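A.B. asks: A single structure is presented below for examination.
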Amino acid sequence: MALAVIAYIVAAWMVAPGFYDGFGPQQPYNWTCPPPQAGANQKPTSGHVDIKVIGGVSDANSAFTNDAQIVLGFLPGAFDATGKTSISVDVTPLSTCPHPPGIMFVTNVYLVTASAPLVKPAHVVMLYSNLMAAPSAIYQAADPAGPWKSIGANRDAMPYTITTTTSSLGYFASGYLQTSAASGSLRVGGGQVLPIVVAILIVIVLLAGIPLAVLRRRRPSGEVEEDEDEAKS
Amino acid sequence: MVGAYVLCVEWARTLLATQPRVAIAALIVGGAALGLVAVGWPADRLGLGTSRFGLRIIGGLALGAVLLLPAAARSGAAPILPAGLAMAAVAVSVGEELAFRGALYAALDELGGAPLAIAGSTVLWTAAHALSHPPEFLGAVAAAGLLLAVWRWACRDLVAPVIGHVIADLAL
C-alpha cells in the first residue's frame, strides 16, 4: 500500500496541479485551438484601448479583449508618452497555437502592442479553462517562434486566472513546463518538505490500513469474517 | 459484461456533461447508473460493512489527504463547487467506487483472484477516464485507481475508498 501511495504521489506530481474527475464547473473559454474535450467553441476576440496622455503622462487604464481572457493594467506614466497625446494599445489573439519545446501552453497566445514603449511594469491577468491543466506561469516572447521566457505568476490569483507583471509587451500565453509542472513547492528553511509530508501521509495510511487489514484477514481457516456473519444474521 | 456496462456509462456521462444544460443531470444520473452495477451483490462482497467503521472512516480521510496532496501542495487557490455540482461530485464518486472497486472488483476477483481484480479494475478505471481527462493526466488517474484498488484488496474495504474519492472530487 505504501508503494501504491508513493506511485500515486509521483504520478500526480509529474502533471500540473488541478487534475480533476471530469465534473468540475466548466470554465468558459474561447479557444484558438480547442482541445478535443471542449464542446462548442467561439473564436477568441481582440481588444483595443486609447490611453490619454495628460500633462505628458500616460493615464492609468486597462487593455483587454472583449471576452476578457487577457487583461493588462497600466499605471499612470506606464508609457513613454514623449510627444504623444494618446497611446493606443492593441490585444490580438494569435491565429496559430505554438508548441515551444518543453512548455505546454494551456491558453491562447495573445499579441499585445502599443504605440509607445512601456517604462513601468504592467499587470497581466490571463483567464484559463479547467479543461486543461492549471498553468504554473505566464510566458512571454518577442516572437511566437520563441524563445519563450517565464515571467512568473502570483500565488493569490482568483480561480481560473493567473496573474503576473511584465516590463515589456509582446506575445503572452499561460502554461507549464512539461518536465516540471510544479507551480510552487513546499519549502521550509531552504529545503523541500514534500518528502516529509509524503512520509507522514504514508504513515497515516498505513496506521489506518494495517489494523483494518490485519483484523479483517487474521482469522483461522473456516472462521467466517465478521461482515459475512453480519450478512448471514 | 460489467466492465463494458461501466465503460459505456462513464463515456456517455462524460460526453453528455460537456453540454452545459444537462451537465449536472448527466453526472447525477451517470453516478446512479454506475451504482446500479452493485445491486444484487452482497454488501460484504462489495467491501461494504459496518465493522471497524471508525478505522474505515479514518482510512477514508487518509486516502482523501493522499489524493489531494499533489494538487494542494501546489495550488494557490481552489475553485468552490456550486451546490449542484457538489451533489454531482458525490454521486459520481460513490457510483464510481461501487462500480469499479465494488462490483467490477468482486466480479474480477471471482474470475481470477486479487491480481486480476486490482489490475483489471485499474485498467478499466483509467480507460473510463480517457474521454474526460487530457492524456497527460491518465498516469495519475491510473495511479489513483491502483491506490484505491490496493486498499480494497488489503483491507477488504470499500468505505474508505468511497470517502477518499468523495473528498478528492469535491476539492479537485
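The values are calculated or read from the model by the stated rules, or taken from the named source; none is laboratory data. What you see is a predicted model, and the numbers here were worked out from it, not measured in a lab. Cβ atoms come from the backbone with ideal geometry, glycine included; neighbour counts cover every protein chain shown.
A.B. asks: Here's a check for you: in the range B:100-152, which residue that is of a type in the set (D, E, K, R) and over 11 Å from the mean Cα position of the chain (by Cα) is nearest to residue B:58 (Cα to Cα)?
C.D. replies: B:152
A.B. asks: Restricted to the range B:134-146, and to residues that are touching a residue at least 24 places away in the same chain (Cβ under 8 Å) and within 7 Å of chain A (Cβ to nearest Cβ), which residue is nearest to residue B:30 (Cα to Cα)?
C.D. replies: Our first condition is that a residue be touching a residue at least 24 places away in the same chain (Cβ under 8 Å); within the range B:134-146, this holds for B:140, B:144-146.
Cutting the leftovers down to within 7 Å of chain A (Cβ to nearest Cβ) gives us B:140, B:144, B:146.
Details: B:140: 23, B:144: 20, B:146: 22 Å.
Across the range B:134-146, the extreme among qualifying residues is B:144.
A.B. asks: Of (1) part of a loop (DSSP other than H, G, I, E, B); (2) modelled with pLDDT of 80 or more, residue A:156 satisfies all except one. Which?
C.D. replies: (2)
A.B. asks: Give the residues of the range A:47-62 that are of a type in the set (Val, Ile, Thr) and either within 19 Å of residue A:166 (Cα to Cα) or touching a Ser or Thr at 6+ places or on another chain (Cβ under 6 Å) (or both), sorted by residue number. Please lay out each step first, then the result.
C.D. replies: In the first step, residues of the range A:47-62 are kept if they are of a type in the set (Val, Ile, Thr); the result is A:49, A:51, A:53-54, A:57.
The answer is A:49, A:51, A:53.
Here is a yes/no grid of residues against (1) of a type in the set (Lys, Arg); (2) buried (at least 20 other Cβ atoms within 10 Å of the Cβ):
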{"position": "B:4", "(1), (2)": "no, no"}
{"position": "B:8", "(1), (2)": "no, no"}
{"position": "B:11", "(1), (2)": "no, no"}
{"position": "B:27", "(1), (2)": "no, yes"}
{"position": "B:32", "(1), (2)": "no, no"}
{"position": "B:36", "(1), (2)": "no, no"}
{"position": "B:40", "(1), (2)": "no, no"}
{"position": "B:51", "(1), (2)": "no, no"}
{"position": "B:56", "(1), (2)": "yes, yes"}
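Residue by residue, here is whether (1) more than 11 Å from chain A (Cβ to nearest Cβ); (2) under 21 Å from residue B:35 (Cα atoms); (3) not hydroxyl-bearing (Ser, Thr, Tyr) holds:
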| site | (1), (2), (3) |
| --- | --- |
| B:103 | yes, yes, yes |
| B:106 | yes, yes, yes |
| B:121 | yes, yes, no |
| B:132 | no, yes, no |
| B:148 | no, yes, yes |
| B:156 | no, yes, yes |
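A.B. asks: Now, a different point. Please state which of the following conditions residue A:130 fails to meet, knowing it meets all the rest: (1) modelled with pLDDT of 85 or more; (2) under 27 Å from residue A:34 (Cβ atoms).
C.D. replies: Exception for residue A:130: condition (1).
A.B. asks: Then there is this: When you scan the range A:168-191, how many residues do you find that are more than 14 Å from chain B (Cβ to nearest Cβ) and either modelled with pLDDT under 85 or out of contact with any strand residue (DSSP E or B) (no Cβ under 7 Å at 6 or more places or on another chain) (or both)?
C.D. replies: Total meeting the criteria: 3.
A.B. asks: Can you tell me which of B:64, B:47, B:59, B:54 is facing chain A (nearest Cβ under 7 Å) and under 11 Å from residue B:160 (Cα atoms)? Lay out the reasoning, then the answer.
C.D. replies: Values: B:64 fails: facing chain A (nearest Cβ under 7 Å); B:47 fails: facing chain A (nearest Cβ under 7 Å); B:54 fails: facing chain A (nearest Cβ under 7 Å).
Just one listed residue meets the conditions, B:59.
A.B. asks: Which of the residues belonging to the range A:133-163 are within 15 Å of the chain's Cα centre (by Cα) and closer than 16 Å to residue A:93 by Cβ?
C.D. replies: Those that are within 15 Å of the chain's Cα centre (by Cα) and closer than 16 Å to residue A:93 by Cβ: A:138, A:139, A:140.
A.B. asks: Being within 26 Å of residue B:140 (Cβ to Cβ), within 14 Å of chain B (Cβ to nearest Cβ) and either in a strand (DSSP E or B) or not β-branched (Val, Ile, Thr) (or both) is the requirement here; does residue A:130 meet it?
C.D. replies: yes
A.B. asks: Go through the range A:7-48 and give me each residue that's modelled with pLDDT of 65 or more, in a loop (DSSP other than H, G, I, E, B) and at the interface with chain B (Cβ under 8 Å from one of its Cβ atoms).
C.D. replies: A:14, A:15, A:35, A:38
A.B. asks: Turning to a different aspect of this structure: With respect to residue A:104, determine if the residue is in a strand (DSSP E or B) and in contact with a helix residue (DSSP H, G or I) (Cβ under 9 Å, 6 or more places away or on another chain).
C.D. replies: yes
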